Structure formats: structure tokens, C-alpha cells
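A short worksheet on the structure shown next.
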Protein chains: 2
Amino acid sequence: MKALTAPGAGGRRSTATIYEVAERAGVSIATVSRVQRHAHLVAPETRERVQRAAHDLAYRPSRLGRSLARGHHDSTGIVFPDLTGPYFSAVILGYEEASARQGRSVLILATHGRSASEEQVLDLADRVDGLVLTGRTVPDHLVEELGQRGVPVVLLARPGHGAADSVRASNAPVAAELVAHLLDHGRRRLAFVGDPDGSSDAAERWSGFLQAHRAAGLAPAYAPTPSGYREEDGRRAALGLLRAGDRPDGIVAANDEIAMGALRAARELGLAVPDDLAVTGWDDIPAAAHLAPPLTTVRQPMVELGRRAAVLLTERIERTRTDPRHEVLPTELVVRSSCGCVHPT
Amino acid sequence: MKALTAPGAGGRRSTATIYEVAERAGVSIATVSRVQRHAHLVAPETRERVQRAAHDLAYRPSRLGRSLARGHHDSTGIVFPDLTGPYFSAVILGYEEASARQGRSVLILATHGRSASEEQVLDLADRVDGLVLTGRTVPDHLVEELGQRGVPVVLLARPGHGAADSVRASNAPVAAELVAHLLDHGRRRLAFVGDPDGSSDAAERWSGFLQAHRAAGLAPAYAPTPSGYREEDGRRAALGLLRAGDRPDGIVAANDEIAMGALRAARELGLAVPDDLAVTGWDDIPAAAHLAPPLTTVRQPMVELGRRAAVLLTERIERTRTDPRHEVLPTELVVRSSCGCVHPT
DNA sequence: TTGTAAGCGTTATCAT
DNA sequence: ATGATAACGCTTACAA
């Protein structure tokens, strides 16, 4: 049969194969192959002939053929829970850039909120030389299985697991610092908006929240209010909180977009921020400094997170390192005015 | 030779092959293949045996082998100039989602500002069934060549070219509407910040800018001020403009991030927005409504742009349609208060 | 219903 | 320096 001429959904290409080049140059395919990869091993004159033939036919070696023969893909995959917002965007920016520099393309998979189907992930795994898995996109047992199948894996924004590497940003300490700051402002009814059960990032931020309360001899006024990561999610969560009888005097949001939603909710209810309600975010997205009021938040090195993930993955793929590595990148409190501080413009 | 056992940079996987499954089930590889793809063509009892063997060996058909045999990849590529910010993020969100729904993975390539190297693009083209090229990431001659090689292509945010499909958002009419609005506010020294030579989007917005002036019998006060698309780029451009003797009374930015930069610049110079300076953006990113002051901008259907690109590309790949299609999605002026309007919160 | 075998386009090992 | 040729892992005519 002839797959590339067969009917059906395939997109047959008009690309020349190594055989046609060989024929036109009057050499064997081995020689053509050699010219592509190790030009110096071929007599100058032969090389010349082959190159001309290749050029005339607009020949490009098929990646498929090459990958099959060599046993790898020169590409990696990254899986996200969601492709929404500045966080994702920055991480992938760093990741793609670093990957490109290493000559690897990147495949991207979004799981749209829920955990990825096993099928999707295994399928992706089969197209790449290694995988970075962010947050809780992939259940532990699957991470395990990937390991057994010999797929290099790095976990991003998720604590290390077994042999897999991991990269994440520090959460609990700054979260505690942030909450202590709010407590210093005299706020006593702080509410955490975000889902500690949904991501380790949120869990760790919540734990810092608790820790600060404990350190101040206080009990948290509320259990965490679960929420998605988009503005509308935050707005809804905040609305619920603010309409209750015992409303909070501060909202500690799990990211800046939730905080923006809280800002909107406050406005809708006629509450002044920060006077009636303090609001803080997380991530320090570009807009954070321009919000009304400017948002107190935590800066985390999102681009660098992606970059480091790419570097660690490469080391694994190239077997440059074999012991698992777990990196925690630093993070920084950015005080502006939504927390109640008077902030220089 | 044995590629998967050879030394070197390859990541050999411990995956079973179709041969091992066949052997264990006591059938031929053809039967194993059939069971995977067309289970109904196999006797129930044989099927059962094969499935058990496959399961025992944790067998998954290799995508590589399959792609090579079938002549396609079940994946597509998208190339962006830059992975920065909400625009990119929203487009890719729509694109990935629609692609996943059609069972295709997505490969992503960023060209980091400049035009992609021919090599990168051709390489990407060889890994996928089709390509979407955004903006000016790829020079015309390459688009041409891709066409000749039989690679389905859709252009995003770039006018149609030859046989390639295209999807973009309407620009000139809303730009004119926006500028007319500013002119109605009595602004007479409007500056456009963005690079008409850098993207067709910017070019079309600038053309709407001109058109509105013409319609009002006015001449534009400035030539366009070239700028990148990030906040810092916008800040710098605005600073230049605002420090000059004949400073503008309005800045029409090519996107919301540039507008944010202008806002910052104004603040740094002690100018009040909108009183001293009107500022408008483009895109209506989530933060736009929360800026100080809330940003007047243009909403464009970013997610939908990505989605449509995926749909058009699929039609081409599956040869469901052969005539080129060029879609222009609608766009909408969003008046808030940075233009000088008093806007309900 | 199942098996045989010829591809798909490379790479790399041997010979020569 | 070059050529034959056996992998790589699958799909699918065609035969049986």
C-alpha cells in the first residue's frame, strides 16, 4: 500500500523522499543521509552533487522517519489545567523559549479544569521525549506509570513525587508574611478565597494564612472559600462572603484575578477598598499596579518557573543528571494600597 | 541496529511493541492492529485474547509507527510572534480547546519578536498536519512555499494570502468609531501608539484613526509612534510623547497593555487621566474594567479567533472544503471613563 | 476470520 | 568514501 497516496483524512505532502534524492544524485540513500547529518564524511564532490539534488527537489528529511529510526522526537509536552490568564501565559513563555533554545518543540495540552484523561496524557507522552505536568493535572498513579514507562517528567507547581523532578515557587512563608501584614493593619476577619484542595499552591498559601494567625494567637475567622481562578469566580465568591451578616474585613485571594473579582464585588456592593475591605492578590500580574486601588500582592517568578522546568527536563532527557532535583524559587511580597497602606503612586 | 537500545541522547522507553503483543496472544501483528482499530472485525474470542495480552504488557501503539504508516500526525502547529500577555493566552485557549475536541494535539512556536527562521517553520510543518500562522511571524514567500508543499495553512490576524484561509477581527471601523468618539470629546491632539508596519492589526487600526480624522475634516496631529506591545513599551512611548512641547491630549494605544503603560507614564508626569490626557486601549483584557480610570477600549473575540482558526484548519486538513475562506469577526467599542466619559462604575 | 508481507522515510551497521 | 540492508513500529492490501 501507499499511505501517502491513500485516500482518507491524511494530508499527503508533495515532499521528495531520500530515495528520490539518491536517485537524482546517483548515489545510495546512505550517502544522502550522511550528507544531511555528517557532511564531512562524504567526498566534497559527492556531497556537492547530493546537495544540489536535495535542493532541486526541495528535499527535507521526514521527521517521522527520522524519529522512528533514532528513537526520539526532539520535542516535549507541557500540560496545564487551564490556558487562562497571565500565569499560564508567563510560564509557557519561559518554557517555550528555553525549549526552543535547546532545539525542542513544545506540545501543549490543557485539561480544562479537571484532571486530564489518562488517554490524553499517555497519548501526549508518546509524542515527546519528556513531559512537564503542572499542578494537579495528572493523578499520582499516572505520574507513577509515566515513570515506569521511562518518560522523563518534571512537576511544576506541585511537590516532588517519586523520581520526578519538581519546580515551584515558595508559598507558605510569604503567605504568612502577607497575612501578618494584614493582621498588623488591625484586620481581624480575613477570608481566604481559593481552593486548597485544588492545587498545592493554594494549599500552601492557605497554610501560611493559618500560620500567621497562629503566630498572632488568633483563629482564622473563616474556612477557605473555594473558587476558580478567574475574575468571575472571584467575584462570585466575594459576593457570597460580603453579603453574609458577618462579612470579612479582608480578602486574601489565591491570585490577582480572583482579587480583581473581589474588587468588582466590593464596588457592586458599595464597599470601599481598602477602608471597608482589604483585598490582596497573588502573582503580581502587569495590571496589578494599575488597579483601583493598586493591588497588594505577591510576586512570583512565573517566566522563570517555566524556564527552569525546561532546563530540568532537558537534563533528564539527555541523562545529564539522574538524581531527582526539587527547586523552590523565591517569591516576594509587593505592598501597594489595597491592603490599607498608603502607597506612593 | 537497535535505535531504542542504542546509546546517546535518546530516551528509550520500556514500551511493548505490537510484535510482543502478537506473540503473547499467539496471533499475527495484523490481528493485533485490527483489534486496536477495528475491534469488530475480529472474532470475539481472539479479540479477548489480544486485549488481555495488550493489557498485560501495558501496550500502547506507537504514534510514530502509526503516523508513518498512515501519513499524518493528528496534530497541528500554531506560530506566534510572542507568548506574552492576555491576547496570546486567549487565542491559544480557544485554539487548543477546539483542536483537542477534534482529537488533534497542538504544537506551539514563538518567534520572539522577529520573523521565524525558515528552518523553524519548515521543521514545525513537518511535525503536523497543518499550521496556523499569526500576524507577521512568517514571511510571504514562506507561506507560499508551505502552500506548495501541500501544508494546510490558516492565517490569523493577517489578511488572506493566496490559497490560505484567514481569520481576523474587524479593526478599521471600530478604530474610526473610537477616534470619532475622542474627537467628539473635543480632543484634537490624538497620538496613535503602536506599529502599523509591524502588524496588519495595527495598520488597520491606524487606518481607522486616519479615516475618523478625515471624516471630521481634521488632520492627524502626529505620525504613529511605534511601540512594542507590552506595558513597558507603551510607557516609554508615552513618556516620549508627553515630554515633548506639543504634547497630545489623547493616546490611542494599539492594545490594553500599551494603554496601561501610558497610564503609568501619565501618573509619573503628574498628568490626570482623562482630564489632561485621554487614553484608550484595545482588546478589553479582564483588567481593563478595573484600571484607574476604567479603560475605554475595543473588545475583540480573542478566544473565538483561536477557535475559528482551528475549525478552518480542520476543514482544510480533512478536505471538507477546498475554496479559501476569509473570516472577519466582529468587534465592539467599550466606553468606560479613560476617554473622558463619566462612566457608571 | 486471520495471516503474509509490502510499504511509510529515516538511521546506522556492516561490508566493500 | 560509499553501498546494501536491517532495523524502527505500525497499517492495510491481498491471500488463504
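Scanning region B:33-90 for residues that are charged (D, E, K, R), touching a residue at least 12 places away in the same chain (Cβ under 8 Å) and either within 13 Å of DNA strand D (Cβ to nearest atom) or assigned by TED's automatic domain parsing to the domain that holds B:Trp282 (or both) gives B:Arg60, B:Asp74. Checking each residue in region B:13-32 for being within 12 Å of DNA strand C (Cβ to nearest atom) and buried (at least 18 other Cβ atoms within 10 Å of the Cβ) picks out B:Ile18, B:Val21, B:Ala22, B:Ala25, B:Val27, B:Thr31, B:Val32. Among residues of region B:19-32 that are away from chain A (no Cβ under 14 Å), none has a beta-carbon under 8 Å from a residue that is small (Gly, Ala, Ser) and within 7 Å of DNA strand D (Cβ to nearest atom) at least six positions away or on a different chain. Where helices (runs of 4 or more DSSP H) sit wholly within region B:101-201, those with at least 1 residues that are closer than 23 Å to B:Met302 by Cβ and within 10 Å of chain A (Cβ to nearest Cβ) occupy B:118-125.
Can you find even one residue in region A:69-80 that is part of a helix (DSSP H, G or I) and within 16 Å of DNA strand C (Cβ to nearest atom)? Yes: region A:69-80 contains one or more residues that are part of a helix (DSSP H, G or I) and within 16 Å of DNA strand C (Cβ to nearest atom). For region A:33-55, residues that are in a helix (DSSP H, G or I) and more than 8 Å from DNA strand C (Cβ to nearest atom) total 16.
Annotation note: of A:Ala202, A:Ala216, A:Ala221, the sole residue that is surrounded by 18 or more Cβ atoms within 10 Å (Cβ to Cβ) and of a type in the set (Gly, Ala, Ser) is A:Ala202. Just so you know, in region A:47-71 the residues that are among the basic types (Lys, Arg) and under 17 Å from A:Thr15 (Cβ atoms) include one that is farthest from the chain's Cα centre (by Cα), and it is A:Arg60. Scanning region B:255-274 for residues that are out of contact with any Asp or Glu (no Cβ under 7 Å at 6 or more places or on another chain) and touching a residue at least 40 places away in the same chain (Cβ under 8 Å) turns up B:Ala259, B:Ala262, B:Leu263, B:Val273, B:Pro274. Close Cβ contacts (under 7 Å, 6 or more residues apart or on different chains) running from residues in region A:314-341 that are in contact (Cβ under 8 Å) with a residue 12 or more places away in the chain to residues that are surrounded by fewer than 19 Cβ atoms within 10 Å (Cβ to Cβ) and part of a strand (DSSP E or B) comprise A:Thr331/A:Arg299; A:Glu332/A:Arg299; A:Val334/A:Arg299.
Results for (1) among the polar types (S, T, N, Q); (2) away from chain A (no Cβ under 13 Å); (3) over 30 Å from the mean Cα position of the chain (by Cα), shown as yes or no for each residue.
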site: B:Trp206; (1), (2), (3): no, yes, no
site: B:Pro220; (1), (2), (3): no, yes, yes
site: B:Ala223; (1), (2), (3): no, yes, no
site: B:Tyr229; (1), (2), (3): no, no, no
site: B:Gly234; (1), (2), (3): no, no, no
site: B:Pro248; (1), (2), (3): no, yes, yes
site: B:Asn255; (1), (2), (3): yes, no, no
site: B:Met260; (1), (2), (3): no, no, no
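Residues of region B:278-293 include at least one that is more than 17 Å from B:Tyr87 (Cα to Cα), at the interface with another protein chain (Cβ under 9 Å from one of its Cβ atoms) and assigned to a loop (DSSP other than H, G, I, E, B). Would you confirm whether or not region A:84-91 contains a residue that is aromatic (Phe, Trp, Tyr) and outside any helix (DSSP H, G or I)? Checked region A:84-91: no residue is aromatic (Phe, Trp, Tyr) and outside any helix (DSSP H, G or I).
B:Val27 meets each of the listed conditions (1) modelled with pLDDT of 95 or more; (2) in a loop (DSSP other than H, G, I, E, B); (3) under 23 Å from A:Arg127 (Cα atoms) apart from (3).
Working carefully through the options B:Val167, B:Val252, find the one that is touching a Lys or Arg at 6+ places or on another chain (Cβ under 9 Å), in contact (Cβ under 8 Å) with a residue 24 or more places away in the chain, of a type in the set (A, V, I, L, M, F, W, C) and under 20 Å from B:Arg267 (Cα atoms). Of the residues listed, the single one that is touching a Lys or Arg at 6+ places or on another chain (Cβ under 9 Å), in contact (Cβ under 8 Å) with a residue 24 or more places away in the chain, of a type in the set (A, V, I, L, M, F, W, C) and under 20 Å from B:Arg267 (Cα atoms) is B:Val252.
The values are calculated or read from the model by the stated rules, or taken from the named source; none is laboratory data. From a predicted model like this one, the values you see are computed outputs, not experimental measurements. Note: ideal-geometry Cβ built from the backbone for every residue, glycine included; neighbour counts use all protein chains shown.
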